[in-house]
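Right, one structure below, let's go through it.
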Amino acid sequence: MANMNQTDRPPIYLDYSATTPVDIRVAEKMIPYLTEHYGNPASRSHPYGWTAEKAVENAREEVAKLVNADPREIVWTSGATESNNLAIKGAANFYASTKGKHIITIATEHKAVIDAVRELERQGFTATYLEPEPDGLVDLAKFKAAIQPDTVLASVMLVNNEIGVIQDIEAIGNICREAGVIFHVDAAQATGKVKIDLANLPVDLMSFSAHKTYGPKGIGALYVCRKPRIRIEAQMHGGGHERGMRSGTLATHQIVGMGEAFRIAHEEMASENERIRMLRDRLLTGLQDIEETYVNGDLAHRIPHNLNISFNYVEGESLIMAVKGIAVSSGSACTSASLEPSYVLRALGRSDELAHSSIRFSIGRFTTVADVDYTVELMKSKIEKLRELSPLWEMFKDGIDISKVQWAAH
Amino acid sequence: MAYSDKVLDHYENPRNVGSLDKNDPNVGTGMVGAPACGDVMKLMIKVNDNGIIEDAKFKTYGCGSAIASSSLVTEWLKGKTVDEAYAIKNSAIAEELALPPVKIHCSVLAEDAIKAAVADIKAKQSARATV
Amino acid sequence: MANAYFDHNSTTALKTDVLEAMLPFMASQHGNATSRHSFGRTARAAVEHAREQVANAVGAYANQIVFTASGTEANNFAVRGICSNLDKGQILTSAIEHPCVSRPALAIQSSSVQAKNIHVDSDCNINLAHLQKLLLTPTNLVSAMLVNNETGVIQDITKVAEMARERKAYVHTDAVQALGKIPVNFFALGVHAMTVSSHKIGGPLGAGALVLDKRIDIQPLLYGGGQERGLRSGTENVAAIVGFGVACDLATKNLSAFDVHTANLRDHLEIGLAKLNAVIFGYNGLRVANTSFFSFKYIEGETLVTALDKAGFAVASGSACSSDSTDPSHVLLAMGVPEDLARGAVRVSFGLSNTVQEVEHFLLALKQELTRLRNLTAVMA
């Protein structure tokens, strides 16, 4: 097993929202299910299958426990993208004939939600993509006003992947329940960071991912509420696994990994979050020394792990190149292959320039004080260097209002 | 994204960063791009009486390829005539830096910056000639 | 715990080389393949290397490989994705397909799109005359598996594809049970889409792929971050994909050894089975070397499998994927096997790790169990 201590990883990893390392305790639990207990959990005729099935059910309990749900409400998937697709397409299709064909979601949702809704639009549904407030939070009155008589489903993420803000899903869920709207919550970025109590939350469907919570990639889950009972149309057919909601051979080692990762999260969440909050505040204080910096998204309603900050007059991609000593992202990892500025920051009303110069720092289990201090020093020196290169910085220093300059079309 | 060694070299050790006196009649300035697009390039050239570019400086807000493209052209411009400078094609820049297809627009921007700077110096010179 | 594993068609043990290749991507090399920092680039390079390895194993180009989370997903993706843009015509699936091909076909049926079965004969071969007749009606997609998971019978997919193409239909083949057992060449088969899976060839669970003719217009099953050229969104399961790649290399390398080794085991087994008056399904068909599917008159399969398990032999009673189902195998019913005989079916599927000695022990245990069970069964009188 490769070791994961500081000296073994040259750049400092501050991109825990893109993916987390697998916790060594998780990896150790997974490996026996790759080597000795390699049975297919659907094999009923021999102990290889039974051992696998038992491990799968234990993991289901661990996942349920972290979010205070019944294990029977947990359906395995290949990840949050599949969970989101299954929840949104599955519920919309199942309830379209009784409730209607209008969907509400938020403009800052993950692409897996937005694009699943867009696909439903191609199939004849209509959709409202509600703009959040400049702090990234949903205005409850505006949400309520968006509900139509034919609204079938609303999908709102618990924690935003780019700016880390936490939505008030309890209040939004209550509005949905009153209006008879099915409510889906993408919680991929929330597990182990925010307390989730599904026994008491008015949420019908919730998506989870393992690899954002120190578990393996390729495994996720969907919570499907039993009381009230929520039905979804299967999107993947086959052997009838997962009570017909999701077919396909289950990857036992990955499920075991997710169970262990969620068990650890349940146990260590409170103390870990305190430590991470301290590190984030230290990072924030350090970076705010730099002139012309803007924190994106509300700071109070936010997970302690995230700091998204724009460094004005510096272009984001060149900044990322400059800070090779740390691994961070500019905008969501899932969209950074495109050259478009972050759609999340634009939805908050940030200018293109500020969106372009944003960096997301995401702190996690293995981040240290030394990592944070190094990062602050590195950012200070590199931003100074890039601003020396920047014609916009020069204009700003000369007192020119850049927003009033007529730029040539390009 | 994998950058070529040449891009990395220019990015890490940019040549000719800075500004020239924009009020100098022998200095032409080209500013192209827009902050909203993520690139702004400012290129300044100083042309002597023989029409030879004596000095070139740049400042660029943009990605590594944009910075490298502008840094490279400041090297190329020095010693060239204004007309030779005007003839520099983006494809030559892209080839020299081995830019990937998604970064070709950076070389286009650098070519545009040269053309804008040359146009500016020519405008200044003709203004002087008509005086 | 059983001491002989004869259920390799269900899932097969991870190869050591595969595990070693995967471990770094489960721990220190943990990047998201979409991220642009060094962690992400390392993950991306590993995924692309694995894509080459899979492509090499199936005779295709790397840019034709779309990674999925499983064979099931790839089959659903193929059937739904190819047919979702079409508003009329029919979908033909062979009567012996895995449910993850036949069920999505049924799920997308509408007033103008019909799903129909292609018959098979008693040797488990696709009835080409029936296919010819079905193809007289405009057809969108023909899906037929290259190797049947229960009987191991190999289909003439090249011929099926040729017939389907003549009628302008798309062709998909589920090659999950073929890879690693017989040579698989995407271009030679002449299909538009082909499914392969990692865990059937000594790779990990959690990775599969759809090999695609690039000219085909296919809709994604999962929408989101736009991974896999927009055809399959979702963070790449880097460790599983890396394992799949290495398993593909090994499968190609071990192909003839696997064939020779398991054929020898199966010959031993089937000589013994004949002495015990077993009915061997698909015996007259062309089969992959490792699979034997058989039944004994008046013996219930589930009982026999449970007894064999107690004796230390892991075998299957039909398809492991039809969880909880006690229905007789749909494959055998399609072959015209009587229901009571079909209920007795036991599948043995060998791997490279099995030995002749294990087979001898198995035959001995089988004989004892049969004697015991027959003594218990009144029907024999």
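Considering each residue of the stretch C:216-254, count those that are in contact (Cβ under 8 Å) with a residue 24 or more places away in the chain and assigned to a loop (DSSP other than H, G, I, E, B), and give that number. Final tally of qualifying residues: 15. Every listed requirement among (1) at pLDDT below 95; (2) within 24 Å of C:Phe67 (Cα to Cα) is met by A:Ser209 save one, (1). Residue count for the stretch A:365-410 under the criterion of being open to solvent by 50 Å² or more (accessible area, probe 1.4 Å), modelled with pLDDT under 95 and assigned to a loop (DSSP other than H, G, I, E, B): the result is 9. If I filter the stretch A:200-217 for residues that are small (Gly, Ala, Ser), open to solvent by 10 Å² or more (accessible area, probe 1.4 Å) and assigned to a loop (DSSP other than H, G, I, E, B), do I get at least one hit? So far as the stretch A:200-217 goes, no, none of its residues is small (Gly, Ala, Ser), open to solvent by 10 Å² or more (accessible area, probe 1.4 Å) and assigned to a loop (DSSP other than H, G, I, E, B).
For the stretch A:50-65, a residue qualifies if it is among the aliphatic types (A, V, I, L, M) and either open to solvent by 20 Å² or more (accessible area, probe 1.4 Å) or within 13 Å of chain C (Cβ to nearest Cβ) (or both), and the qualifying residues are A:Ala52, A:Ala55, A:Val56.
Only one entry of C:Val160, C:Val171, C:Val211, C:Val191 meets the criterion of being touching a helix residue (DSSP H, G or I) at 6+ places or on another chain (Cβ under 8 Å), in a loop (DSSP other than H, G, I, E, B) and more than 14 Å from chain A (Cβ to nearest Cβ), and that entry is C:Val191. Between A:Leu279, A:Leu283, the distinction of being in contact with a Ser or Thr (Cβ under 7 Å, 6 or more places away or on another chain), closer than 30 Å to A:Phe396 by Cα and buried (at least 17 other Cβ atoms within 10 Å of the Cβ) belongs to A:Leu283 only.
Here B:Asp49 passes the criteria (1) assigned to a helix (DSSP H, G or I); (2) away from every other protein chain (no Cβ under 12 Å) except the one numbered (1). The residues of the stretch C:6-25 that are open to solvent by less than 10 Å² (accessible area, probe 1.4 Å) and within 7 Å of chain A (Cβ to nearest Cβ), listed by number, are C:Asp7, C:Ser10, C:Thr11. Of C:Ile280, C:Ile201, all but one fail to be in contact with a Leu (Cβ under 8 Å, 6 or more places away or on another chain) and without any contact (Cβ under 8 Å) to a residue 24 or more places away in the chain; the exception is C:Ile280.
Taken residue by residue, the stretch A:144-158 has at least one member that is charged (D, E, K, R) and open to solvent by 20 Å² or more (accessible area, probe 1.4 Å). So is A:Asn68 within 13 Å of chain C (Cβ to nearest Cβ), in contact (Cβ under 8 Å) with a residue 60 or more places away in the chain and surrounded by fewer than 23 Cβ atoms within 10 Å (Cβ to Cβ) or not? Answer is no for this residue. When we screen B:Ala123, B:Ala94, B:Ala85, B:Ala110 for residues that are assigned to a helix (DSSP H, G or I) and within 14 Å of chain A (Cβ to nearest Cβ), the only hit is B:Ala110.
Each row is one residue, and each column tells you yes or no for (1) of a type in the set (S, T, N, Q); (2) open to solvent by 80 Å² or more (accessible area, probe 1.4 Å); (3) modelled with pLDDT of 80 or more; (4) not in a helix (DSSP H, G or I).
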| position | (1), (2), (3), (4) |
| --- | --- |
| C:Ser322 | yes, no, no, yes |
| C:Leu332 | no, no, yes, no |
| C:Gly336 | no, no, yes, yes |
| C:Gly344 | no, no, yes, yes |
| C:Ser353 | yes, yes, yes, yes |
| C:Leu364 | no, yes, yes, no |
| C:Lys367 | no, yes, yes, no |
| C:Arg372 | no, yes, yes, no |
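Exactly one residue out of C:Lys159, C:Lys133 is without any contact (Cβ under 8 Å) to a residue 24 or more places away in the chain, open to solvent by 20 Å² or more (accessible area, probe 1.4 Å) and either of a type outside the set (Ser, Thr, Tyr) or closer than 30 Å to C:Phe350 by Cβ (or both): that is C:Lys133.
Among the residues in the stretch B:109-117, are any in contact with a Lys or Arg (Cβ under 9 Å, 6 or more places away or on another chain) and open to solvent by 60 Å² or more (accessible area, probe 1.4 Å)? Taking every residue of the stretch B:109-117 in turn, none turns out to be in contact with a Lys or Arg (Cβ under 9 Å, 6 or more places away or on another chain) and open to solvent by 60 Å² or more (accessible area, probe 1.4 Å).
Yes/no per residue for (1) in a loop (DSSP other than H, G, I, E, B); (2) over 30 Å from C:Gly226 (Cβ atoms); (3) within 14 Å of another protein chain (Cβ to nearest Cβ); (4) at pLDDT 90 or above:
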| residue | (1), (2), (3), (4) |
| --- | --- |
| A:Asn40 | yes, yes, yes, no |
| A:Tyr48 | no, yes, yes, no |
| A:Thr81 | no, no, yes, yes |
| A:Ala87 | no, no, yes, yes |
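Can you work out which of the residues in the stretch A:223-249 that are touching a His at 6+ places or on another chain (Cβ under 9 Å) and crowded, with 23+ Cβ neighbours inside 10 Å is modelled with the lowest pLDDT? Here the answer is A:Thr249. When B:Ala98 is tested against (1) within 12 Å of the chain's Cα centre (by Cα); (2) open to solvent by 30 Å² or more (accessible area, probe 1.4 Å), exactly one condition is not met: (1).
Can A:Ala261 be described as out of contact with any Leu (no Cβ under 7 Å at 6 or more places or on another chain), open to solvent by 10 Å² or more (accessible area, probe 1.4 Å) and not charged (D, E, K, R)? Even if it seems obvious, please write down each step before you answer.
Details: out of contact with any Leu (no Cβ under 7 Å at 6 or more places or on another chain): yes; open to solvent by 10 Å² or more (accessible area, probe 1.4 Å): no; not charged (D, E, K, R): yes.
Spelling it out, it is not the case that A:Ala261 is out of contact with any Leu (no Cβ under 7 Å at 6 or more places or on another chain), open to solvent by 10 Å² or more (accessible area, probe 1.4 Å) and not charged (D, E, K, R).
State whether one or more residues within the stretch C:230-237 are β-branched (Val, Ile, Thr), at pLDDT 95 or above and within 30 Å of A:Glu36 (Cβ to Cβ). So far as the stretch C:230-237 goes, no, none of its residues is β-branched (Val, Ile, Thr), at pLDDT 95 or above and within 30 Å of A:Glu36 (Cβ to Cβ). Can you confirm whether the stretch A:93-106 contains a residue that is more than 29 Å from A:Asp371 (Cβ to Cβ), within 11 Å of another protein chain (Cβ to nearest Cβ) and buried (at least 21 other Cβ atoms within 10 Å of the Cβ)? Within the stretch A:93-106, not a single residue is more than 29 Å from A:Asp371 (Cβ to Cβ), within 11 Å of another protein chain (Cβ to nearest Cβ) and buried (at least 21 other Cβ atoms within 10 Å of the Cβ). Does the stretch C:278-295 contain at least one residue that is among the charged types (D, E, K, R) and either surrounded by fewer than 18 Cβ atoms within 10 Å (Cβ to Cβ) or at positive phi (or both)? No, the stretch C:278-295 contains no residue that is among the charged types (D, E, K, R) and either surrounded by fewer than 18 Cβ atoms within 10 Å (Cβ to Cβ) or at positive phi (or both).
Taking the stretch C:29-62 as the range and being within 12 Å of chain A (Cβ to nearest Cβ), open to solvent by 40 Å² or more (accessible area, probe 1.4 Å) and in contact with a helix residue (DSSP H, G or I) (Cβ under 8 Å, 6 or more places away or on another chain) as the test, the residues that pass are C:Gln29, C:Arg36. Say we look at the stretch A:135-183 and pick out the residues that are farther than 21 Å from A:Ile230 by Cβ and free of Cβ contacts under 8 Å to residues at least 24 places away in the same chain; which of these is nearest to the chain's Cα centre (by Cα)? Here the residue is A:Asp139.
Regarding the stretch A:159-170, can at least one residue be identified that is among the small types (Gly, Ala, Ser) and open to solvent by 10 Å² or more (accessible area, probe 1.4 Å)?
No.
Across the stretch C:74-86, the number of residues qualifying as open to solvent by 10 Å² or more (accessible area, probe 1.4 Å) and either over 16 Å from C:Thr139 (Cβ atoms) or out of contact with any strand residue (DSSP E or B) (no Cβ under 7 Å at 6 or more places or on another chain) (or both) comes to 3.
The values are calculated or read from the model by the stated rules, or taken from the named source; none is laboratory data. Note that this is a predicted model, so its numbers are computed, not measured. Here Cβ is always computed from backbone atoms with ideal geometry, including for glycine, and neighbour counts include all displayed protein chains. Surface accessibility is based on the protein's heavy atoms, side chains included, excluding ligands, DNA and RNA. Shrake-Rupley method; radii C 1.70, N 1.55, O 1.52, S 1.80 Å.
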